[in-house]
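Below is one structure, written out as structure tokens; the observations come after it.
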Amino acid sequence: MKILVIGLDGAAPEILFTDERLTNIRRLMNFGCYGQLESVIPATSVPTWMCMATSQDPGSLGVYGFLNRIDYAYNNFRIATSEPIEGFAIWDQVARAGKQSIIIGVPPSYPPLKVNGIFVGYSPKPDTRDTIFTYPACIKEELGKIREEYPARNWDLPTDTKDNLKDDIYTMSRKQFNVVRHLLQKYEWDYFQFVEIGLDRIQHSFWQFHDPCHLLYESGNPYENVICDYYLYLDNEIGKIFDLVDDDTAILIVSGYGAQRIDGGFYINEWLVKEGLLVLNEYPREITPFNKLNVNWGKTKVWSEGGYCAQVFINVKGREPRGTIDNVDYENFRNEIKEKLEKILDEKSESLGHFVFKPGEVYKTVFNEAPDLLISLGGLYRHSLDSVGQRTVYTQEMEAGIGGCTHGPFGSFILAAPNSLLRGEVEGAHLLDVSPTLLELGGYDIPRSMQGKSLMGGKKLEKATDSDYSGDEKEAIRQRLKGLGYI
């Protein structure tokens, strides 16, 4: 049986499961199973999609966000790439069985991974014409001949006007779906996965026009339907893909996290300065990113990198170059900082509802230079900002790229397969359960390295002849396949 995974980056369950206009998605829901999907910490595209593929948590992969410490030197971070991720992914297990995969746009996807098949990523390089973002390399030239250049640099779309941005997102997504359909039809595959990033882009840019609970929402604004209309566009594209797969295909639509309004930002390093935990040789005259601050490391105890889930670091003696916290005091001090962060109040002196995590308590294993604490600000309704110089810790203005929404802790999944007995809403599913479930459906062994569990739990139709089914069973299966468009 083939497996097709359609990744919709940031698809919100409350939209995906309730908009009746999404007829192709409704069809999959009616003849399969669906539900919310609990994400990992942090709920960002890096590391979420690789966590799903490997069924390993961020600590086990040693990837804690888009920026990760290389060593314990100060300000020595690197942007996440595919190179340090050594987790055994679902497509590796497919290859172990001698079968082929096609993977498109699963982040982090540069440099392109060597798979038994085809891998198409996107490049962080400034000029994609000189960058190989596919494996094998010859696929890049082939994709360039498909009407328009493949959108390998899909994170830095122009933002001069909202109308132009919307048009650019649609153009980017149409190009990707052209590539998806081309590779679906031209090459043999047993496992096919792609991630559509346009949904994440359009939600970040237009959520404040869509959500009546957003602080900036105005009823009747001209962009009120942009997000829902984009879901409808995706539904139409998904319908075209359904037409290209045969009746022996398991189909999964999945998002690793959801979307929700953002209530503003919190300048975490500004707060640390006010608390005397981060000490500067000179307070900046203008708003300054953390990596450009003049820090007095000999007196600093704590500092942070911003993000959806802030990374907090403690300046430990013998670990950092100019550490100030003794090893024997480390755990008590970390507990003290954790408690302080959890008690931060908002502008109205009310609880922000922060969740502060120790990596060793939320991850099975902790590899590489993990942060000492991770913070979900206000239940992810606040975004952490690392700059200093504004003399306040609160803001309703967001950095470029964040826009009107943040990521929600629950994504979505819809799964239908010819040999699955799972029907209706499934509760309690976790992102790490996805790959074990797909492998069981496909008849593959589940690697011991995978931390999730199969949602099937043995609820799977085994291969059998017609005579092995009762009349009612055969009719039920027939109706399900007909509803999916397989017959």
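Values computed for the structure shown
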| read-out | value |
| --- | --- |
| Filter result (among the small types (Gly, Ala, Ser) and over 23 Å from residue 383 (Cα atoms)) within segment 220-272 | 220, 239, 250 |
| Filter result for residue 393 (touching a residue at least 40 places away in the same chain (Cβ under 8 Å), buried (at least 17 other Cβ atoms within 10 Å of the Cβ) and of a type in the set (A, V, I, L, M)) | yes |
| Strands (runs of 3 or more DSSP E) enclosed by segment 60-117 - at least 2 residues per element that are under 19 Å from residue 44 (Cβ atoms) | 67-69, 77-79 |
| Matching residues in segment 199-227 - criterion: being touching a residue at least 40 places away in the same chain (Cβ under 8 Å) and under 20 Å from the mean Cα position of the chain (by Cα) | 199, 200, 201, 203, 204, 205, 206, 207, 227 |
| Close pairs (8 angstrom Cβ cut-off, 6 or more residues apart or separate chains): within 16 Å of residue 100 (Cα to Cα) and touching a residue at least 60 places away in the same chain (Cβ under 8 Å) in segment 436-448, β-branched (Val, Ile, Thr) and surrounded by 20 or more Cβ atoms within 10 Å (Cβ to Cβ) anywhere | 438/3; 438/5; 438/90; 439/90; 442/3; 442/94; 444/94 |
| Strands (runs of 3 or more DSSP E) fully within segment 319-434 counting 1 or more residues that are of a type outside the set (Val, Ile, Thr) and at pLDDT below 95 | 355-357, 373-376, 382-385, 405-408 |
| Long-range neighbours under 7 Å by Cβ, at least six apart or interchain, first residue assigned by TED's automatic domain parsing to the domain that holds residue 312 within segment 270-284, second assigned to a helix (DSSP H, G or I) | 278/269; 278/272; 280/273 |
| Considering residues of segment 218-258 that are polar (S, T, N, Q) and in a loop (DSSP other than H, G, I, E, B) only, the residue nearest to residue 423 (Cα to Cα) | 225 |
| From 74, 64, 110, residue being under 30 Å from residue 227 (Cα atoms), outside the structural domain of residue 364 (by TED's automatic domain parsing) and in contact with a Phe, Trp or Tyr (Cβ under 7 Å, 6 or more places away or on another chain) | 110 |
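The values are calculated or read from the model by the stated rules, or taken from the named source; none is laboratory data. This one's a predicted model, so the numbers in the text were calculated from it and none came from an experiment. Heads up, the Cβs are rebuilt from the backbone with ideal geometry, glycines too, and the neighbour counts pull from every protein chain shown.
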